[in-house]
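Asks: There's a structure below that I have some questions on.
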Amino acid sequence: MSTATIDDRKYQKLLDKTLPVVIRSEAEYKRLMAAAEELIETPEEKLTAEEGRLLELLSMLLEEYEDRVHPLPRTDPGKMLAHLIEERGLKPADLAGVLPQSRVSEITAGKRGVSKNQAKRLAEFFRVPVELFL
């Protein structure tokens, strides 16, 4: 996707065709998801600046709807940490740059909570939302 300046007329045509809106129904979600999927299937080098900007807008609208309608379930931060470690085939020692092995073990055993600073570091390490650890 290019950072080139967009052509207002071309972009307006795309907007008129797609009619992006704040999503309030499953039908609107499906319609905008189909439009986004069509753009996603276009090879990146063939995507115009206008199409790239529209895809960016659609992605934001779709993500906002998904977060609002299907929020991530609340779970125990220790269980989440244990799950992520297991899912990625890691050992507590593999997180040495983030937390000491003993602290990881205490958190996964439920003996200790996760501080905001630790949650931020874990989220960056696992590339997940920080809220999973709070």
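Asks: Run the simple label-point estimate for VAL69 and ILE40 please: 7 Å along Cα→C-beta, distance reported in nm.
Replies: With each label placed 7 Å out from Cα toward Cβ, I get 1.5 nm.
Asks: While we're looking at this one, here's another question. When the Cα centres of the range 11-31 and the range 57-105 are compared, how far apart do they sit, in Å?
Replies: Centre-to-centre distance over Cα atoms comes out at 31 Å.
Asks: Shape of the range 77-133 from its Cα gyration tensor (a ≥ b ≥ c, root eigenvalues): rounded if a/c is under 1.5, otherwise prolate when a/b > b/c, or oblate? Walk me through the numbers before you get to the answer.
Replies: Details: a/c = 1.24, a/b = 1.06, b/c = 1.17.
Rounded shape, in that the Cα axes give a/c under 1.5.
Asks: Compute the angle between helix 8-18 and the longest alpha-carbon principal axis of the chain, please, reported from 0 to 90 degrees and rounded to the nearest 10.
Replies: 70
Asks: Defining a contact as two alpha carbons under 8 Å apart and six or more residues distant in sequence, what relative contact order in percent does the range 77-133 show? Display every interim value, and only then the final one.
Replies: Details: 50 pairs, mean separation 22.2, N = 57.
Value for the range 77-133: 39 percent.
Asks: Over the chain, what is the mean sequence separation of C-alpha contacts under 8 Å (at least six apart), divided by residue count, expressed as relative contact order in percent? Walk me through the numbers on the way to the answer.
Replies: Values: 106 pairs, mean separation 29.0, N = 134.
Reported as a whole number, the value is 22 percent.
Asks: Additional query: Exactly which trypsin sites (Lys or Arg not before Pro) in the range 41-101 are in a DSSP loop and have at most 14 other Cβ atoms within 10 Å?
Replies: Details: sites: LYS46, ARG53, ARG68, ARG74, LYS79, ARG88; in loops: ARG74, ARG88.
Qualifying residues, ordered by number: ARG74, ARG88.
Asks: Are there any GluC sites (Glu not before Pro) in the range 9-76 that are in a DSSP loop and have at most 12 other Cβ atoms within 10 Å? List them by number.
Replies: Working: sites: GLU26, GLU28, GLU37, GLU38, GLU41, GLU44, GLU45, GLU50, GLU51, GLU56, GLU63, GLU64, GLU66; in loops: GLU41.
Those that pass, being in a loop and sparsely packed, are GLU41.
Every read-out reported here was derived from the displayed coordinates using simple, explicitly stated rules and does not represent laboratory data. Every value quoted in this text rests on a predicted model; they were computed, and no experiment measured them. Cβ: placed from backbone, ideal geometry, glycine included. Neighbour counts: every protein chain shown.
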